[in-house]
Amino acid sequence: MSDDTAKNILAICGSTRQHSSNHQLIKCIASIFSEQVQINLLHNISTLPHYNPDDDKEKAPEAVTHFRNLVLQSDGILICTPEYAHGVPGSLKNAIDWLVSSSSFSGKPTVLITASTDGKFGHAALLETLKVIEAKQVEQLQLRIPFIQTKIHNNIISDEKTLQEINALMAKFIDIMQ
Ligand SMILES: Cc1cc2nc3c(=O)[nH]c(=O)nc-3n(C[C@H](O)[C@H](O)[C@H](O)COP(=O)(O)O)c2cc1C
């Protein structure tokens with residue numbers, strides 16, 4: 001159980017699939033690091049409206065305002081996502097597009113984990129997006145986990161190397177948020 005000084009992290013899952021490996025990964029990380037951080041999963045990125053600059057005005061749609069506030073109130077962001085067709089899943093990219101004009105990501109320590117079959121193209125594309133919207137130190141806080149399907153089972157990370165990489169990544173993340 002985290003204490004009152006624990007950092008508050010918003011986790012965003014790029015997969016909306018019911019038995020998503022990325023969702024399992026977030027749950028594993030939340031459980032392993034529960035003493036140091038409080039990880040809250042953002043629910044339903046797929047219910048955000050499609051991004052439209054015409055609606056990105058003073059009064060944005062309510063779901064968008066809520067999402068922006070969650071990002072602003074967090075100490076850091078944890079993104080875990082698969083790659084789709086060598087790109088970033090549409091619902092995740094859509095969610096991030098809503099944050100561009102509000103600069104909500106600017107200066108926010110952000111971890112990017114792409115857990116997919118391979119994932120290198122989507123990972124590179126999303127890393128570039130996060131850099132341009134000024135996510136803090138994302139280049140130091142990134143990890144690609146290929147063949148995720150063989151490395152996580154029943155909410156447990158079964159691959160020792162992956163576990164070590166996640167431990168190192170989270171240690172850096174917690175350090176950067178201090
Ligand atoms: C429409 C679709 C396209 C995919 N394209 C890729 C791809 O380009 N590269 C890749 O590594 N995996 C691809 N995959 C496989 C996913 O990475 C894999 O199913 C992953 O486990 C999904 O993550 P999730 O378990 O969190 O839903 C694709 C899967 C789907 C459904």
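What follows draws every value from the coordinates through simple rules; no lab data is involved. Since the model is a prediction, treat every value here as computed from it, not as a measurement. Glycine gets a Cβ as well: all are built from the backbone with ideal geometry, and neighbour counts include every protein chain shown.
In whole angstrom, how far apart do the alpha carbon centroids of region 90-128 and region 24-57 sit?
First find each Cα centre; the distance between them is then 12 Å.
Quick check on packing: order 68-74, 158-164, 143-149 by the mean number of other C-beta atoms within 10 Å, highest mean leading.
143-149, 68-74, 158-164
Once phi is turned into ³J(HN,Hα) by the Karplus curve 6.51 cos²θ - 1.76 cosθ + 1.60 with θ = phi - 60°, what whole-Hz value does each residue of region 150-157 show in order, with x for glycine and proline?
Using θ = phi - 60°, the values come out as 9, 10, 9, 9, 6, 6, 10, 7 Hz.
In degrees, nearest 10, range 0 to 90: what is the angle between the Cα axis of helix 21-32 and the longest Cα principal axis of the chain?
Helix 21-32 sits at roughly 70 degrees to that axis.
All other residues with a Cβ under 12 Å from the Cβ of residue 84 taken together, and with Lys, Arg as +1 and Asp, Glu as -1, what is their net charge?
Overall, the nearby charge balance is 0.
With axes computed from alpha carbons, what is the tilt in degrees of helix 62-73 against the longest principal axis of the chain, rounded to the nearest 10 within 0 to 90?
So the helix axis and the longest Cα principal axis differ by about 50 degrees.
Give the long-range amide H neighbours of residue 39: residues separated by 5 or more places, or on another chain, with amide H under 5 Å away, using H modelled in the peptide plane at 1.01 Å from N.
Those lying under 5 Å, H to H, from residue 39 are 9.
Rounding to the nearest 10 and keeping the result within 0 to 90°, find how far the Cα-based axis of helix 120-132 lies from the longest principal axis of the chain.
Roughly 50 degrees, rounded to the nearest 10.
Over region 7-177, what is the mean sequence separation of C-alpha contacts under 8 Å (at least six apart), divided by residue count, expressed as relative contact order in percent?
Relative contact order here is 25 percent.
Please give, to one decimal in nm, the separation of the simple spin-label points placed at residue 58 and residue 40, each 7 Å out from Cα toward the Cβ.
Output for this residue pair reads 2.8 nm.
Would you mind checking the pairs 57/172; 7/120; 7/59; 93/161; 59/108; 27/108 and listing those with alpha carbons more than 25 angstrom apart?
Over 25 Å Cα-Cα: 57/172; 7/120; 7/59; 93/161.
Tell me the mean residue ellipticity at 222 nm calculated for the chain from its helices only (DSSP H runs of n ≥ 4, each -39500 (n - 2.57), averaged over every residue, nearest 500).
-11000 deg cm²/dmol
Could you check what % of the DSSP bridge pairs in region 1-160 are antiparallel, to the nearest 5?
15
Pull out the extension gain between residue 150 and residue 18, defined as 0.36 nm times the separation in residues minus the alpha carbon to alpha carbon distance; nm, one decimal.
Taking residue 150 through residue 18 to full extension adds about 45.8 nm, to one decimal.
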